[in-house]
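Coordinate-derived values only; no laboratory data. In this text the structure is predicted, and so the values were computed from the model without any measurement. All Cβ positions, glycine included, derive from the backbone under ideal geometry; neighbour counts span all protein chains shown.
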Amino acid sequence: MSDGSGEKIKKFVFKTKNPIIDGSTPETLEVIIPELLQASYNFYTWPSAPVLAWFLWEHRRELPGKRVLEIGAGTSLPGIVAAKCGAEVTLSDCASLPRSLQHCQRVCDVNGLTGRVRVIGLSWGLFLHNSFNLGPVDLILGSDCFYEPSLFEDILRGAQTGRSIIY
Ligand SMILES: C[S@@+](CC[C@H](N)C(=O)[O-])C[C@H]1O[C@@H](n2cnc3c(N)ncnc32)[C@H](O)[C@@H]1O
């Protein structure tokens, strides 16, 4: 769906075949992702993001209370699923791309997560103020971040604080 402003709204729906209705985690989930047409690659949901989001959905009972960091979040689908399943989520994207960070915030807002998800600038390979204020992290998510071999080491070095990394 496009509203003529260059923004296209995508809806992702997650459902389970065998619901356990005990109220602890959702059994269906809708996530709204605004994408900007004709913009750069950070405003488009890359193919790994829905796959990672499904993986998280399948493991949703393990997510409540987990401290989750998404790096290179872009349109933030995996992080939003984790947040809606009860994780304490921080979304991050390159500190020198303020429009990307604004877009992460917009995705939170349209999904009713304003104030429940933190959005910060984190640049791979740079130890910025935000890197030191991050606090403990249980899980680091990254979808379609390994596309440029010269950045691999920077990404992994920046992710050393996390206990589990899922790419
Ligand atoms: C290919 S896109 C993937 C976006 C999103 N994770 C997805 O799967 O749809 C790569 C993302 O990494 C971010 N990025 C690129 N270089 C970065 C850097 N040096 N530090 C942090 N983020 C960076 C971009 O802004 C973009 O959001």
Handout entry: Conditions (1) hydrophobic (A, V, I, L, M, F, W, C); (2) assigned to a helix (DSSP H, G or I); (3) buried (at least 19 other Cβ atoms within 10 Å of the Cβ); (4) touching a residue at least 60 places away in the same chain (Cβ under 8 Å); number of the one not met by F14
Key = (2)
Completion exercise
Considering segment 58-74, residues that are of a type outside the set (D, E, K, R) and out of contact with any helix residue (DSSP H, G or I) (no Cβ under 6 Å at 6 or more places or on another chain), and then whichever is nearest to the ligand (Cβ to nearest atom), we arrive at G72
Exercise for the section: Would you please list the contacts, defined by Cβ atoms under 7 Å and residues six or more apart or on different chains, that run from a residue in segment 114-140 that is without any contact (Cβ under 8 Å) to a residue 60 or more places away in the chain and polar (S, T, N, Q) to a residue that is assigned to a loop (DSSP other than H, G, I, E, B) and surrounded by fewer than 16 Cβ atoms within 10 Å (Cβ to Cβ)? Expected result: S123/S96
Problem - helices (runs of 4 or more DSSP H) wholly inside segment 39-140 containing at least 1 residues that are under 19 Å from L29 (Cα atoms) and over 15 Å from the mean Cα position of the chain (by Cα) - result: 48-58
